[in-house]
Every structure is written in structure tokens, then in C-alpha cells.
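Comments concern the structure below.
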Amino acid sequence: MKKRTLKTIAAALAMISILTFTAAGCGNKTDDSEEFVTNVITQASDGEAQTDKNGETSDDEPQATETVLDAEGNVVTDAQGEPVTQPAATTAPINEGGSDDLFADMTTNAAPVVDTTVDSSTRYAYSTLTDNEKALYDAILSAASKMSTRIFGAQNLSSAEWTKVFGMVYNQEPQLFWLNGRSVVGRLYYNEIDPEKIASMQKEIDATVDALVKEANSKSTTFDKLKVFHDYLVLNSTFEKSDEAGNYNQTIYNAFSGGTSKQGNIQCAGYAKGMQYLCDKVGIDCMVITGTNEKGTSHAWNKVKVEGEWYNLDATWDDPILSTPITNYLRYTFFLVPDEWINEKTHFNINTVTLNSGDKVTYYEPPKATATAQNYFVKNGYVYDNRADADKALKAELEKAASEGTVVAHIMVSSDSLYNEILDALKNDSAYRDELKGVNSKIKKIKDSSKESLRVIQLIIEY
């Protein structure tokens, strides 16, 4: 591909890149937590040629164009309010890249931009695909690793077929942090195309990740390794509302490039991909799950395997969305929970996206999560079945938090009736609230942030 073509692709990203996870799709579930998911572009396939700002192709030949639409079917406009266009659809021959494979990227002999030791064929999500879908997955992964823009043979796919597999690569391969969330059938776009720049960014990621992996590997259990990763993402991340293309808020770059010296600005995809990237490094089975909250706003989280059982882990919702980050705000509400506690209660539309046409695409059916033994509250003995023990434990948690200067005190109760009894006291019994505040003179105010579906009594402390 000509150098001018590469430069054109980079320039076009500022205008036409549609992020898979947007702020509008990362809406609040409560007043202190955020959620999010994926809206993959599904437009007609087109030829290899890219137009520059003057509408010319890389070969300076006239090219028919078509208007670019976003994931909701709206016309994409540039900074001047003018519609953005792209080359019109063509019928590129299958296997133009010179491969005998069903699908092939156009730079089959090029070396990957960044080497990775991850064997993507071992991923759970990959195992759910048909042979043809695996071939497309492999071709997209190969192309993205070398920043190729075309997948030959893909122009005959439907929007639904392309969306399913591209979305899975985009969500399940966190190492491809330069891959942009916008695509059309058979074509990829990138946040960055300079291999030297990408290598430099990878070094920033490695500096943080290597330290986290070393700390995690010093732990003897998968639970404790995941806690290391969870705590880093919660304490070193701030929710980023900006949707500008190329700002990496849905990638591992923003999740890790700041180290511990500053907050990484990420959206929900950044948390989920960051967790998967870390799990890949230490050999923990992990995947990104997408969905919505009850209002239909998008979200993403992880499923991880611990002691042979699958659990949900949602670092995004364990991180408060605050205008000023609080670096001692740690909670474990969604740390290793079964499906029963969240599916169709707080997390909906599992791995399903809706196309412009209204048709739904399901990426894959995730493994069932039914175990509770490794849940944070269950494993640590923080589940109580009577009011006296629950009150005593809640006071102990408040005292511990005040002595350590942290801001969360939470326990779990074993029944809806006990949960409702304590919550009613928190809302209506001023004497009870004063009694809880009185366990430590440093506590000035207590805010209730309990989670009904999980029976978690959760108090936020102000000093």
C-alpha cells in the first residue's frame, strides 16, 4: 500500500471513526457507578481505495462515494458540518490478497506490529464460532496485527455476519489497542498506523503490566491475583466521557500507560479489556462480556474462571464515577458473582447488539456462572443471616474503614427480608444512623449505596 494511502487512513479516522463503546452507552446505573457496550458499524462493503480530504483516491483517480452513517443510522458529519463520504461499494475479488484461505488480509507476508504470546484460538469465545467464522476471525486478527485495511472475501458477508466476528475480535483481543471501533464490512480502521509509535506505546503499557503481573504472581490463589488486578483498575482509573476518535479510552493503553502516577481515562471497555489483558498474562481464563443496564444503556464486564468455576467480575461498577477521583475508594460488590445475582437484574442483553435494521446479533453464548464459593463476601465470611450479627459486622466495617481512611463499608446478608429490614432502618431510623456514625468520631456522614439484587448493604463514608 502506498504511503499516501496510510496517511489518508489516519486523517480519515478523526472524521469517521465510530467508537464501539461510547459515553452515551456507558450510562449510570446508580449515582456513583457507570456502565457500558458495543455498537459495531455495519455498512456495505467497499473497495480498497481511500479518498483524501479532496475526495481523491491514493492514485488520484475519480472514485464514486457514499455517505458514512453511524451505528444508529445517522449521517456522520465533519467539523464543518459536512457529510463524510467514503468510496462506494465495489465487488473486490475473493482472495485478491493471494491466499488460498477463505478470507485473507492484504498484507499476508507482513510481520505483526507488536508480537503477542496470546493464542487466540484457545479463547472460549473463539471456540463457539463455526469454521467459516473462525477463518474470518483469524483474517481480521491477522490484518489488525499488521494494520492492513482490507479483508478479501468479506465483501460477500451480510452486516450481521461481519458485525458478529469483527465485534468479537474487537472485544476479545485487548492487545490490539490501535484498532478502531469503527468498521465497514471487509474494512478496518486504526487509531494509529505508525509501528514505531505503537511500539513506544506498548512499552508504556508493559512498564505497568509487568509490575502488576509480578505482584499477582507473588500470590498463591487466583482469587488474590484477580484482586490485585481489580484493585489497580479501580484505584487508577477515571471514567472518560469523551468520544473523540483515537483517544484510547476503550483500550488497554489508557488503562495502563499512566502507571500509578495518574488516573487513566477509560470507559467500560477499558476496564474489561484491561482485566482480560492482565489475565492473559498470568494464564487465567477470561473473556469480555457485553450487555446493557435496565435502561438499555451499554455496558461491559468480564467472566473469569476461578478454581474450575466461572464467575462475573465487573471492575467498572466497583469504581465510583466521581468528578474528583478518590484513590482510597475500594469496593467488591461485583467481584466474582454468579449469573443469578446480576443477569436480568442489573445486567441485560448479554453479548447482544442491535443493528441499524433492528435485527439483533449475538456474539456468543458465554459459559454459565453458578458457583458462589469464590465471591468476595462468601469467601471472606462476610454474609450474615440475622440482624444482630449484621449490625455488629457493619459497625466493625465502619470502624475498620475509619481507622484506615477508606470510604466503603459493606457486608452481605442472606435474605431479602433482612436486607429490607436494615435498609428501612438506614432510610427511616435516625437513631440507627447516628449509632452507626458514632462508632468512630472521624465519621461525619454516611451515605447508603446498597445493592438490592446482591443483598449487599453498602455504606459510603464522609469524614
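Counting only protein heavy atoms and a probe of 1.4 Å, the accessible surface of segment 389-428 is 44% carbon and sulfur. Thinking of segment 366-463 as a set of Cα atoms, what percent of all their pairs are more than 21 Å apart? When every Cα pair of segment 366-463 is considered, 31 percent fall beyond 21 Å. Residues in segment 125-207 average 28 Å² of solvent-accessible surface per residue, probe 1.4 Å, ligands and nucleic acids excluded.
Solvent exposure of segment 256-369 amounts to 35 Å² per residue of accessible area, where only protein heavy atoms count and the probe is 1.4 Å. Note: relative contact order over segment 310-463, using C-alpha pairs below 8 Å and six or more positions apart, is 21 percent. Ranked by the mean number of other Cβ atoms within 10 Å per residue, highest first, peptides 408-419, 432-443, 281-292, 389-400 order as 281-292, 408-419, 389-400, 432-443. Solvent-accessible area of segment 262-386 (1.4 angstrom probe, protein heavy atoms only): carbon and sulfur portion equals 44 percent. Quick check: from the Cα gyration tensor, does segment 156-273 come out rounded (a/c under 1.5), prolate or oblate? Prolate shape, in that a/c is at least 1.5 and a/b is the bigger ratio. Accessible area per residue for segment 392-441 is 47 Å², calculated with a 1.4 Å probe on protein heavy atoms, without ligands, DNA or RNA.
Evaluated with a Cβ-only charge set (Lys, Arg +1; Asp, Glu -1), segment 319-463 carries a dipole of roughly 400 debye about its Cα centre, given to the nearest 20.
The values are calculated or read from the model by the stated rules, or taken from the named source; none is laboratory data. No experiment lies behind these values; they were computed from the predicted model shown. Please note: Cβ atoms are built from the backbone with ideal geometry, for glycine as well, and neighbour counts cover all protein chains shown. Protein only, heavy atoms only, side chains kept; ligands, DNA and RNA dropped before computing areas. Shrake-Rupley method; radii C 1.70, N 1.55, O 1.52, S 1.80 Å.
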